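Worksheet: one structure, shown below.
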């Protein structure tokens, strides 16, 4: 197998070492499988694919356990949950998949499905305490097999045509629908199920649910055999009518506050719908979420939260679950509130020779500056303006260049103002690219 590309600057020594580790693991796994096939098949090595297809479930389970024991599945989850790096490294995933696929398609499949099933959980748990995160450590150790339930019989993988729905049912959710082509269906320990939770058009209003394999109502209705050139995992269809417990819920209202008011939390719980000892945890969850930010990672300010209802479970409820409930409620509120970015605006006073006044004012306009006034004193023009701080970071050097070193200025913080929509879209898009998220492009 040619690996000259691993010498590119895009990869480093850890990726090259990972490729070597994956190589060693795959060689051993394939040798073991081939030996078993020759020993157990009456037709010898020429019918290894027949042996694999007849024992695909057992081989897949063994691959997952063995990959976990070798530490290779650690690359599917963040370090907080036993992973190999603070965030999942896409380069490491590519190296692993390329190496495993070259040796054995089923080995690559087993690895890929662990990452695919764990991915939505890792995103939801980033920087927070999420109840579903208990599965991530098991995935990394090969102690739990993941499944990804997206496709449907009539819709295929087109999320726009998805019909599976999840609706509130008391203190939980009820998922009703049918999924097909579920890789690992029937042997998985948990399913990442996608369902509609809202009426928004297209791909909006879709949520992911982590459903244990023993959830009431989940049944694997049919095994779908598929002809292949090489034996891989046969897919399965699963009919879903699932109740997902969600004991610890909060209902809250969010409203804006005057600029500079920061944050206010109001407790209007009556009748014990949430025990008093858990209410500070709800506020803490909201505080953590707003500090982490909603738009481009910036903290959320100048809003009031009123907690007016909720639910709990006598046995299962705890401080962590209500902290998580507060964070989730905050996120849902932000999705409806249409928040905007604010930027610091600076008060600027510029002193220049009269002949440079036109050039300076034109430059301020290009920096989104607003002229507040002008004075003339002894052959000098004094320009007073307001401009975004982000546009003024190199102003000292630029002013020297424009005035041949004869201009001076002073600047101080004035206030915060709304970032123009076009610039805000670019900031948010750049933040998503930095986090490796998909960026929507409007045509």
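Here, each number is a calculation from the coordinates, and none is a lab measurement. Given the structure is predicted, the values throughout are model-derived calculations rather than measurements. Note: ideal-geometry Cβ built from the backbone for every residue, glycine included; neighbour counts use all protein chains shown.
Work out how much length residue 347 to residue 264 would gain on full extension: take 0.36 nm times their residue separation and subtract the Cα-Cα distance, in nm to one decimal. Don't skip to the answer; put the middle values down first.
Values: separation 83, 0.36 × 83 = 29.88 nm, distance 2.93 nm.
Fully extending the segment from residue 347 to residue 264 adds 27.0 nm.
Semi-axes of the equivalent ellipsoid for the range 1-152, please: Cα gyration tensor eigenvalues, times 5, square-rooted, ordered largest first, whole Å.
Semi-axes from the Cα gyration tensor: 28, 20, 12 Å.
Can you give the helix-only mean residue ellipticity at 222 nm for the chain, where every DSSP H stretch with n ≥ 4 adds -39500 (n - 2.57) and the sum goes over all residues, rounded to the nearest 500 deg cm²/dmol?
After summing the helix terms and dividing by the residues of the chain, the value is -11500 deg cm²/dmol.
Compute the acute angle (0 to 90°) between the alpha-carbon long axis of helix 90-103 and the principal axis of greatest extent of the alpha-carbon atoms of the chain; round to the nearest 10°.
Once rounded, the angle reads 20 degrees.
Taking the Cβ-Cβ separation of residue 366 and residue 1 as r and a Förster radius of 45 Å, what is the calculated FRET efficiency to the nearest 0.05? Intermediate values should be presented prior to the final figure.
Details: r = 54 Å, r/R0 = 1.20.
Using R0 = 45 Å, I get an efficiency of 0.25.
Set the Förster distance to 41 Å, then compute FRET efficiency between residue 401 and residue 10 from the Cβ-Cβ distance, nearest 0.05.
0.65
Could you please rank 415, 15, placing first whichever residue has the fewest other Cβ atoms within 10 Å of its Cβ?
Sorted ascending by nearby Cβ count, the order is 415, 15.
Between residue 393 and residue 65, what length in nm is gained on full extension when 0.36 nm per residue of separation is reduced by their alpha carbon distance?
Difference between extended and current length: 112.7 nm.
Expressed as cubic angstrom per residue, what is the convex hull volume of the alpha carbon set of the range 249-337?
Working: hull volume 7.4 nm³, N = 89.
So the per-residue hull volume is 83 Å³.
Could I have the simple spin-label model distance between residue 134 and residue 413, label points 7 Å from Cα toward Cβ, reported in nm to one decimal?
4.4 nm
Give me 290, 91, 40 ranked fewest to most by other Cβ atoms within 10 Å of their Cβ, as a rough exposure proxy.
40, 91, 290
Give the angle, between 0 and 90 degrees and rounded to the nearest 10, that separates the Cα long axis of helix 319-337 from the longest principal axis of the Cα atoms of the chain.
Relative to the chain, helix 319-337 is tipped by roughly 60 degrees.
What is the spin-label model distance, in nm, from residue 359 to residue 79 if the labels are put 7 Å beyond Cα along the C-beta direction?
Label at residue 359, label at residue 79, 5.0 nm between them.
Against the globular-protein guess of 2.2 N^0.38 Å, express the Cα radius of gyration of the range 288-435 as a ratio, rounded to two decimals. The partial results should precede the final answer.
Details: Rg = 22.7 Å, N = 148, 2.2 N^0.38 = 14.7 Å.
For the range 288-435, the normalised Cα radius of gyration is 1.54.
Sorted from fewest to most neighbouring beta carbons within 10 Å, what does the list 266, 159 look like?
Working: 266 13, 159 16.
Lowest to highest Cβ neighbour count: 266, 159.
Share of antiparallel DSSP beta bridges in the range 142-225, in percent to the nearest 5?
Once the DSSP bridges in the range 142-225 are tallied, antiparallel ones form about 70 percent.
How much length is gained if the chain between residue 429 and residue 34 is pulled fully straight, taking 0.36 nm per residue apart and subtracting their Cα-Cα distance, in nm to one decimal?
Taking residue 429 through residue 34 to full extension adds about 137.3 nm, to one decimal.
I'd like the antiparallel share, as a percent to the nearest 5, of DSSP beta bridges with both residues in the chain.
Within the chain, antiparallel bridges account for around 85 percent of the total.
So what is log10(I(q)/I(0)) for the range 160-209 at q = 0.16, 0.18, 0.27, 0.33 1/Å, when the Debye sum runs over its Cα atoms only?
Calculated log10 I(q)/I(0) at the listed q: -0.50, -0.62, -1.10, -1.29.
For Cα extents along the principal axes in Å, several values are listed as (i) 136, 52, 31; (ii) 105, 66, 38; (iii) 128, 50, 34; flag the one computed from this structure.
(ii)
Test of understanding: in a Gaussian network model of the chain with alpha carbons linked when under 10 Å, which of 348, 193, 52 would top the mean-square fluctuation ranking?
348
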